[in-house]
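To start, the structure under review is shown below, and the notes come after it.
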Amino acid sequence: MSNVYDQDGLRSIHNHEFMSDPAFLAAYGRGIQAVGGGYGWHWRVYTGLWAAATAAKLPGDFIEFGVNRGFLSSAIMQFLDWNATGRTFYLLDTFTGVDLRYVSAEDLAKGVVEQNEKMIKSGFYTLDVEPVRRNFAEWPNVRIIVGPVPETLPQIDSRMVAFVHIDMNCAPPRSLRPNMSGTSWYPEQSCFSMTTPMTAIVLKSLRLTNSPARRTSGCCRYPLDRGW
Ligand SMILES: C[S@@+](CC[C@H](N)C(=O)[O-])C[C@H]1O[C@@H](n2cnc3c(N)ncnc32)[C@H](O)[C@@H]1O
């Protein structure tokens, strides 16, 4: 193992022993299998696995907003021996890239549209859910939900959530906390913690309320209500 970690915009001489840990490498390898190649994401995935293992001490299901081909979520499911957990992993994505209706002015200025086109053109974003379904077929307790967040939130029928990974490469759908409290899908307690710009873990299990009444009154308001 090299004395220096230097990948993915991160250079460190500090401890990166996880790079030779067999359980980590098996999980990382499952991520590679999901996407058909390596992204050089070891540190990110290590952080994600730490968050997932911490969340697994709480009761509740797991959610990923922005699953794409499933690198991180596959690594997590391998790492936690998902079928033995009895939990459901909800995996949400448009499978058409960023939904430009949910991009902020700030994101537009930062070039989210151009980045999205690049990601689609390069094949980094998958436009086909079927290979993704095949990737996750070994784990029956997976629900793949196709469509844009937040419109798809009512399809999450979990009553309790322990882990959320928010990774959609655009800011507004990431702001789920205020959005959840004002629409059809909301936590009774607010206890997200942002660990990286991409990752929110739930510090206490969230009890979710998603009654049909709230579903109709809440979510359809969403595109008009940009106060999130
Ligand atoms: C960086 S990729 C996710 C990578 C993935 N987490 C992994 O571990 O491989 C971002 C994904 O977010 C999705 N996305 C963007 N906006 C979305 C939205 N409003 N609703 C659902 N998915 C969205 C894109 O289609 C893309 O697949």
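Table for the structure above
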quantity	calculated
Spacing of the two label points (7 Å from each Cα toward its C-beta) at Asn83 and Asp157, in nm	2.3 nm
Rounded, prolate or oblate (a/c below 1.5 giving rounded, otherwise prolate when a/b exceeds b/c) for region 55-104 by Cα gyration tensor	prolate
Computed Kirkwood radius, in angstrom, where 1/r is averaged over Cα pairs of region 1-155	16.8 Å
Packing rank of 148-160, 33-45, 11-23, where each peptide gets the mean count of other beta carbons within 10 Å, highest leading	148-160, 33-45, 11-23
Per-peptide average of other Cβ atoms within 10 Å, ordering 52-61, 136-145 highest first	52-61, 136-145
Under 5 Å, built H, 5+ apart or other chain: amide partners of Ile144	Leu91
Region 85-126-region 22-69 distance, computed between alpha-carbon centres (Å)	18 Å
Mean Cα-pair separation over length for region 62-108, i.e. relative contact order, pairs under 8 Å, 6 or more apart, %	52 percent
Approximate spin-label separation Glu114-Asn3, in nm, with each point projected 7 Å along Cα-to-Cβ	4.0 nm
Spin-label model distance (nm) - Val129 vs Ile32, 7 Å beyond Cα toward Cβ	3.0 nm
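Rule-based calculations on the coordinates, nothing more; no lab input. It should be emphasised that the depicted structure is a prediction, and the values quoted were computed from it without experimental measurement. Here the Cβ is made from the backbone with ideal geometry for all residues, glycine too, and neighbour counts use every protein chain on show.
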